[in-house]
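Written out below as structure tokens is the structure these notes cover.
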Amino acid sequence: MNLRQIANGNPSDKKEPEVPNPERFLTLLAEGAALGVPEIEGESYKAFRSGVSRLALQLPDRLPDPEKLALIRAVLSEFENYRDLTETELRGRTAEWRSLVSFLFKEVLKSLGIDPSAANADRLLHKLAGVTSAQNASEFHNQIECFLHPQGVGSAPVEASEFCRADHSTENDNAAGLRGGGSAIQHLKRIMERGGKGYVVLFRLSCLKMINERFGAAAVEDCLMAVAAFLTQNLHSDDAIFHWSDSSLLAILQGRANEQILTAEINRIVFQNRETSVQIGGRATMLRIPLTFDITSMEHLQSTDDLHKIAQLTNAGRTQ
């Protein structure tokens, strides 16, 4: 039985209409099936579509049936090869996305002073391997959000270092002698409501955990106070600087022409940061507190809630 007989069915059955060109039908079938295959990776998809089209166009040629069957098998091989390539690509993408999420989550934990190997954090990271669907990803997203912000936006995990917990107060009863983060939010809100422009600069103080372990909380407070005084002295008199946490200070600056000029200014200030004299055991000891900073234009902020995202999710500060 040849291809025409296969397409027409039993030749003795006169009730069924004859397919005038079964080879053309096979061409359209192959090209239509290829059109419905999703594009996963651009180059592989183009090669697959090209291969199927090239083979399908040969089917209507007046070739012996064995050669036509070989062409059909070749078309099927194109589909099988593309399936294998896309499955490999999707497995690779999934593995890389999991690796990226794991890396970023660990970086966030470190920025909060949390050891990524801590029980709750490590347990959450292990759940990442089970994320195999959109529903799983949504559930994992919610679990991470609840871990990072157990009491809502701006809250921090109970495991977070005391130096990284946001200060929501409006008072100036902290070691830096500055108004707390609550005042920063109020100040920024007033500027944004009147359409003002400017920049938010988050200054991070490094090594405080080590200083606390070696010299105690009093030395940490002395360091924070010294850095706050240093920044207040070197910024403009109308700049506003706030205590955001015990390891970071937040400045709200206006009157700068652009971010490049401001970056140069802050770099110059941070470069001037020198050793600070702190009292340890009744003796003056010189310590240098490394400073890093992140600059965000107010134009990029949707609301004052974005201050928490800036403070908790940015790690690539400029170190001098």
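The values are calculated or read from the model by the stated rules, or taken from the named source; none is laboratory data. This structure is a prediction, so every number in the text was calculated from the model and none was measured. Here the Cβ is made from the backbone with ideal geometry for all residues, glycine too, and neighbour counts use every protein chain on show. Just the protein is used for accessible areas: all its heavy atoms, side chains included, with ligands, DNA and RNA removed. Shrake-Rupley method; radii C 1.70, N 1.55, O 1.52, S 1.80 Å.
Taking helices (runs of 4 or more DSSP H) as the structural unit, those lying wholly within the range 190-277 and holding at least 2 residues that are within 17 Å of I295 (Cα to Cα) and charged (D, E, K, R) correspond to 259-271. For the residues R179, R194, R214, the requirement of being open to solvent by 90 Å² or more (accessible area, probe 1.4 Å), in contact with a Phe, Trp or Tyr (Cβ under 8 Å, 6 or more places away or on another chain) and not β-branched (V, I, T) singles out R179. Checking each residue in the range 224-239 for being over 32 Å from the mean Cα position of the chain (by Cα) and within 17 Å of E275 (Cα to Cα) picks out M225, A226, A229, F230, T232, Q233, N234. Pairs linking a residue in the range 178-203 that is more than 22 Å from I266 (Cα to Cα) to a residue that is of a type in the set (V, I, T), with Cβ atoms under 8 Å and 6 or more positions apart or on different chains, are G182/T170; S183/T170; Q186/T170; K189/T304; M192/T304. Could you list, in sequence order, all residues of the range 226-255 that are open to solvent by 30 Å² or more (accessible area, probe 1.4 Å) and touching an Asp or Glu at 6+ places or on another chain (Cβ under 8 Å)? Matches in the range 226-255: D246, Q254, G255.
Considering the range 104-122 alone, what residues qualify as being more than 18 Å from N142 (Cα to Cα) and within 21 Å of the chain's Cα centre (by Cα)? Correct list: E107, K110, S111, L112, G113, I114, D115, P116, S117.
Say whether the condition of being surrounded by 12 or more Cβ atoms within 10 Å (Cβ to Cβ), touching a Lys or Arg at 6+ places or on another chain (Cβ under 7 Å) and assigned to a helix (DSSP H, G or I) is met by at least one residue in the range 32-40. The answer is yes; a qualifying residue exists. Determine whether L287 is surrounded by fewer than 19 Cβ atoms within 10 Å (Cβ to Cβ) and at pLDDT below 80. Yes; evaluated as a whole, the condition is true for this residue. Scanning the range 48-79 for residues that are open to solvent by less than 60 Å² (accessible area, probe 1.4 Å), hydrophobic (A, V, I, L, M, F, W, C), under 30 Å from G92 (Cα atoms) and without any contact (Cβ under 8 Å) to a residue 24 or more places away in the chain yields one hit, A74. When L188, L178, L202 are screened for being at pLDDT 85 or above and under 20 Å from the mean Cα position of the chain (by Cα), only L202 passes.
Within the range 123-141, being open to solvent by 80 Å² or more (accessible area, probe 1.4 Å) and within 16 Å of the chain's Cα centre (by Cα) holds for one residue alone: H141.
For the range 95-106, enumerate the residues that are touching a residue at least 24 places away in the same chain (Cβ under 8 Å) and either open to solvent by 80 Å² or more (accessible area, probe 1.4 Å) or β-branched (V, I, T) (or both).
Residue satisfying the conditions is V101 alone.
Against the numbered list (1) over 30 Å from H149 (Cβ atoms); (2) open to solvent by less than 30 Å² (accessible area, probe 1.4 Å); (3) without any contact (Cβ under 8 Å) to a residue 24 or more places away in the chain, L109 comes up short only at (1).
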